[in-house]
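Engineer: This is the structure I want to talk about, given as structure tokens.
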Amino acid sequence: MEQLVAFSEAYPLLWCSALLVLGLFIGSFLNVVIHRLPVMLEMQWPDEAALNVEGDVQLAQTRYDLWWPRSHCPNCHQPIVLRYNVPVLGWLVLRGRSHCCNQTIAWRYPLVEAATGILFVAAGSLWPPGVSLLGALALLAFLIALAAIDAETLLLPDALTQPLLWLGLFINLSDAFVPLESAVIGAMAGYLALWVVYWLFKTLTGKDALGAGDFKLLAALGAWLGWQALPQLVLLAALGGLVMTCLWRWRHGGDFDQPLAFGPWLAISGGILLFVPGFSF
Ligand SMILES: [Zn+2]
């Protein structure tokens, strides 16, 4: 590890480039997780056809997980040629249209890859190689996947939120971001805080404003960032959601009946507080 620290100090540009490339490829893997995890969950509950992923469920009669089948076009299901599978560049070379069937490739693909790469470099400029940097990269990757999945399917899978919580407690065993005590209280208080909001809102209005996934994500963020960060986390996320709702009403008019995904806002405010721990208004 000491050699790596020395290397990053001697060749900062090379170190940043390495983190960028790592981020681009992790981002490419996150795209697989974002697309496939909801399909895999849907296969586990065959009766609930609530998600808009039917095409892939039919495809998935045989083995279907994060590793198999190989990358294929979501439209015509042909395997993707390796050189077009290169993060961001593949999308640029193809000018956003698939090679096999000339369909638009969703913006999400290059966006997730680029965002992961840029955030990895940003983390690398803030933390030297070590446990904290490794933790920050892991947290960012989980948050990107969770934000994108929630935005697309209104789900925050336990398969992601639960490991994220344990990982946060584990990484803070060595006080990487906050003392362990603060992390444990953060995990409990994070869950309870949104659970209370949920029941208050449900009792008063009869509506579900939040899902259980939101409680678990805030618990995980509490485990990473400590209980002291919880008020800012919720405030920032609520502000983001509120601004979004107002923009939506202003552009589309009328009632805002569409359920709002709160997870992306929690993820974004988690990212902000990771980089700026003492963030306040
Ligand atoms: Zn195709």
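The values are calculated or read from the model by the stated rules, or taken from the named source; none is laboratory data. Since the structure is predicted, the reported quantities are computational estimates derived from the model, not experimental observations. Cβ atoms come from the backbone with ideal geometry, glycine included; neighbour counts cover every protein chain shown.
Engineer: Between residues in the stretch 236-258 that are in a loop (DSSP other than H, G, I, E, B) and residues that are surrounded by 13 or more Cβ atoms within 10 Å (Cβ to Cβ) and at pLDDT 80 or above, which pairs lie under 8 Å by C-beta distance while being six or more apart or on different chains?
Structural biologist: 256/245; 256/248; 258/248
Engineer: Tell me which of these residue 215 doesn't satisfy, since it passes every other one: (1) surrounded by fewer than 17 Cβ atoms within 10 Å (Cβ to Cβ); (2) of a type in the set (Phe, Trp, Tyr); (3) in contact with a helix residue (DSSP H, G or I) (Cβ under 6 Å, 6 or more places away or on another chain).
Structural biologist: In the conditions (1) surrounded by fewer than 17 Cβ atoms within 10 Å (Cβ to Cβ); (2) of a type in the set (Phe, Trp, Tyr); (3) in contact with a helix residue (DSSP H, G or I) (Cβ under 6 Å, 6 or more places away or on another chain), residue 215 misses (1) alone.
Engineer: Output the residues belonging to the stretch 72-88 that are in contact with a Leu (Cβ under 9 Å, 6 or more places away or on another chain) and either in a loop (DSSP other than H, G, I, E, B) or away from the ligand (no atom under 16 Å from the Cβ) (or both).
Structural biologist: Those that are in contact with a Leu (Cβ under 9 Å, 6 or more places away or on another chain) and either in a loop (DSSP other than H, G, I, E, B) or away from the ligand (no atom under 16 Å from the Cβ) (or both): 77, 86, 87, 88.
Engineer: Restricting the stretch 71-94 to residues that are modelled with pLDDT under 90 and more than 25 Å from the chain's Cα centre (by Cα), which is farthest from residue 24 (Cα to Cα)?
Structural biologist: So the residue we want is 76.
Engineer: Of all residues being over 15 Å from residue 34 (Cβ atoms) and within 14 Å of the ligand (Cβ to nearest atom) in the stretch 52-68, which is modelled with the lowest pLDDT? Just the residue, please.
Structural biologist: 59
Engineer: Got a sec? Which of 221, 247 is out of contact with any Phe, Trp or Tyr (no Cβ under 9 Å at 6 or more places or on another chain), buried (at least 24 other Cβ atoms within 10 Å of the Cβ) and modelled with pLDDT of 85 or more? Break it down into steps so the answer makes sense when it comes.
Structural biologist: On the way: 247 fails: buried (at least 24 other Cβ atoms within 10 Å of the Cβ).
One residue alone meets the criteria, 221.
Engineer: Separate question: Within the stretch 89-102, restricting attention to residues that are near the ligand (Cβ under 8 Å from one of its atoms) and of a type outside the set (S, T, N, Q), which residue is surrounded by the fewest Cβ atoms within 10 Å (Cβ to Cβ)?
Structural biologist: Ranking the candidates gives 101 first.
Engineer: Take residue 110 and decide whether it is in a loop (DSSP other than H, G, I, E, B), surrounded by 19 or more Cβ atoms within 10 Å (Cβ to Cβ) and more than 16 Å from the ligand (Cβ to nearest atom).
Structural biologist: Working: in a loop (DSSP other than H, G, I, E, B): no; surrounded by 19 or more Cβ atoms within 10 Å (Cβ to Cβ): yes; more than 16 Å from the ligand (Cβ to nearest atom): yes.
No; evaluated as a whole, the condition is false for this residue.
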